[in-house]
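Just below is one structure, and these are the notes that go with it.
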């Protein structure tokens, strides 16, 4: 069975380690916060200017001056701090953020990512994605392996305008955990009940399958 | 103490003209200079270039200027919340420059701190890099980005004093500090304006030297764009 969006987030949460500062993108990445073990200390950064982002506020306690990068109302946890946008991206460019998790429309086998524009159709802007992918050392992409038409989103070369080049190191899709190394996809884990052949079929780019591929554990 | 106070939003916007370039603070609808935007709409100022991370929503924030076709060019990082924006952009009625968010912030910060240009890795190898100088530092490629030039910076703070010192609240800080002093004239609107001496100098985020005019906004709607809550 292919993973649900929640399960993708749950699998990615296992990559979040004690002491990490983590930036979560909009969509599936936002869900990761719900699955991080509560026996480790992690701080979430939102690029609009908060470290130590907490859950949504209780009804009636929302504050219009306290939102995340998705413009949703949030809370600040004990130990949180606020800062301006220039400092926020200083943190990001300066590689002080340990892990960046974001969505993608396409990823290529050399780690290029496209997630901000479909020419003539969708032009919403890149927001902070270009800054994040250009500077982060540790990027995990959360994505569906194929589009609605069943076409692969893990490609030899991206067809959409790029967000960044050769920057993605790991992908967690609804079918697999994949590492990008030496210009190739490397299959690390399969979604429970999904075969290597199914993953191979859904992957247009070159994918290395080395030995027995284990099923994901949550 | 050099007093920066002006009586109201009309006085604060003295000198704005058609065709000027404005910087406007805010992220989404959070921390936007609401009173100044309303004044720009009232004055029906035309052909302006706006540097702002977002473009408001259809009926609030910069969306109000868009609806009246007052904006010639937008310089933003993300404009996804505004249907009228997308329509004007795709039809070519309005010019749009999309800039990575960190680069946008740094181009403001550079303008206010006297740095004419800087190198960033953001956007290298993408269409953002087209026509820009590139250079390698430490084995990594960067593109050169230039400081913005603007006639006015319009910012919003939580509290301010007569000397123009500003304190921001929560994530309403966002682009506001980097824009203070980045335009030729910086106008700050605040929710609460206090006499000099009432703000603790230790707590000031932006010193008054970066602010030319300050006033207390008449009212604040502070609209929430995405209300997300959990049950008690």
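The values are calculated or read from the model by the stated rules, or taken from the named source; none is laboratory data. Remember, predicted model here, so these are calculated numbers, not experimental data. Reconstructed Cβ throughout: ideal geometry from the backbone, glycine too, with neighbour counts over all protein chains shown.
Looking at B:40, B:64 in this structure, which one is in a helix (DSSP H, G or I), more than 14 Å from every other protein chain (Cβ to nearest Cβ) and surrounded by 24 or more Cβ atoms within 10 Å (Cβ to Cβ)? Show your work before the answer.
Values: B:64 fails: surrounded by 24 or more Cβ atoms within 10 Å (Cβ to Cβ).
Only one candidate qualifies: B:40.
Given the residues A:131, A:84, A:112, which is the only one that is more than 23 Å from residue A:14 (Cα to Cα), touching a residue at least 40 places away in the same chain (Cβ under 8 Å) and in contact with a helix residue (DSSP H, G or I) (Cβ under 7 Å, 6 or more places away or on another chain)? Let's see the steps before the verdict.
Details: A:84 fails: touching a residue at least 40 places away in the same chain (Cβ under 8 Å); A:112 fails: in contact with a helix residue (DSSP H, G or I) (Cβ under 7 Å, 6 or more places away or on another chain).
Going through A:131, A:84, A:112 in turn, just one is more than 23 Å from residue A:14 (Cα to Cα), touching a residue at least 40 places away in the same chain (Cβ under 8 Å) and in contact with a helix residue (DSSP H, G or I) (Cβ under 7 Å, 6 or more places away or on another chain): A:131.
Screening the range B:82-106 for residues that are at the interface with chain A (Cβ under 7 Å from one of its Cβ atoms) and not in a helix (DSSP H, G or I) and picking the one that is nearest to residue A:134 (Cα to Cα) gives B:100.
Evaluation of residue B:115 against the conditions (1) at the interface with chain A (Cβ under 8 Å from one of its Cβ atoms); (2) under 20 Å from the mean Cα position of the chain (by Cα); (3) not in a helix (DSSP H, G or I) shows that the sole unmet condition is (1). State whether one or more residues within the range A:182-202 are in contact (Cβ under 8 Å) with a residue 40 or more places away in the chain, closer than 25 Å to residue B:143 by Cα and more than 14 Å from the chain's Cα centre (by Cα). Scanning the range A:182-202, I find at least one residue that is in contact (Cβ under 8 Å) with a residue 40 or more places away in the chain, closer than 25 Å to residue B:143 by Cα and more than 14 Å from the chain's Cα centre (by Cα), so the answer is yes. Determine, yes or no, whether residue B:171 is within 17 Å of the chain's Cα centre (by Cα) and either in a loop (DSSP other than H, G, I, E, B) or within 14 Å of chain A (Cβ to nearest Cβ) (or both). Considered against the rule, which asks whether it is within 17 Å of the chain's Cα centre (by Cα) and either in a loop (DSSP other than H, G, I, E, B) or within 14 Å of chain A (Cβ to nearest Cβ) (or both), residue B:171 comes out as yes. Going by what's in this entry, would residue A:29 be described as under 30 Å from residue A:199 (Cβ atoms) and in contact with a strand residue (DSSP E or B) (Cβ under 6 Å, 6 or more places away or on another chain)? Against the criterion (under 30 Å from residue A:199 (Cβ atoms) and in contact with a strand residue (DSSP E or B) (Cβ under 6 Å, 6 or more places away or on another chain)), residue A:29 qualifies.
All of (1) in a helix (DSSP H, G or I); (2) buried (at least 16 other Cβ atoms within 10 Å of the Cβ) hold for residue B:78 with one exception: (1).
Of the residues A:134, A:142, A:114, only one is touching a strand residue (DSSP E or B) at 6+ places or on another chain (Cβ under 9 Å), surrounded by 20 or more Cβ atoms within 10 Å (Cβ to Cβ), at pLDDT 95 or above and within 8 Å of chain B (Cβ to nearest Cβ); which?
Exactly one residue qualifies, and that residue is A:134.
Taking the range B:7-37 as the range and being more than 29 Å from residue A:48 (Cβ to Cβ) and part of a loop (DSSP other than H, G, I, E, B) as the test, the residues that pass are B:7, B:8, B:14, B:15, B:17, B:18, B:19.
Listed residues B:181, B:125, B:197; which is in a loop (DSSP other than H, G, I, E, B), within 14 Å of chain A (Cβ to nearest Cβ) and within 29 Å of residue A:63 (Cβ to Cβ)? Give the steps one after another, and end with the answer.
Numbers: B:125 fails: within 29 Å of residue A:63 (Cβ to Cβ); B:197 fails: within 14 Å of chain A (Cβ to nearest Cβ).
Testing whether each residue is in a loop (DSSP other than H, G, I, E, B), within 14 Å of chain A (Cβ to nearest Cβ) and within 29 Å of residue A:63 (Cβ to Cβ) leaves just B:181.
Checking each residue in the range A:160-175 for being away from chain B (no Cβ under 14 Å) and more than 14 Å from the chain's Cα centre (by Cα) picks out only A:175. Restricted to the range B:44-59, and to residues there that are modelled with pLDDT of 95 or more and more than 14 Å from the chain's Cα centre (by Cα), the residue that is nearest to the other protein chains (Cβ to nearest Cβ) is B:47.
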